[in-house]
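Just so you know, all these numbers are worked out from the coordinates, no wet-lab data involved. Bear in mind the structure is a predicted one, so any value in this text is a computation, not a measurement. Every residue, glycine among them, receives a Cβ derived from its backbone with ideal geometry; neighbour counts consider all protein chains shown.
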Amino acid sequence: FSSGAAAAPAAPAMNNYIKFVAVFAFVTGGPAGLYDEEPTQTWPLGLLVIAGSAAMVAFTRIGLALAVNFVTKYLKHRRQKQMYEEGEDQHHATQDELAEL
């Protein structure tokens, strides 16, 4: 680690990181025994983690795009309904409103 004025602001964060590593090591390898060195019984959990990660990526890429399209269509429909209720010329107003969207 470096010394001097640049190292002083990082000291509290490094201290917290060391505490985290120590507690994690104690919990997983200590009396709790939550860590297996050989993946003979835990390999299905690894596959589950991979599948879960792929599902989150798919939701992020596809699900959010669908949600944005749904909201856009809903707002466009609501604006068209509002223009119709106000008696505006729907054809010209719709084209103008669509250009704004």
Legend entry - D (Stokes-Einstein, µm²/s), Kirkwood Cα radius, the range 14-58, 1.567 mPa s at 4 °C: 102
Legend entry - Computed E for ALA54/THR28 - FRET, C-beta separation, R0 22 angstrom, nearest 0.05: 0.30
Inset, instruction - May I ask for the net charge around ALA67, where only other residues with Cβ less than 14 Å from the Cβ of ALA67 are counted and Lys, Arg are +1 while Asp, Glu are -1? - result: +2
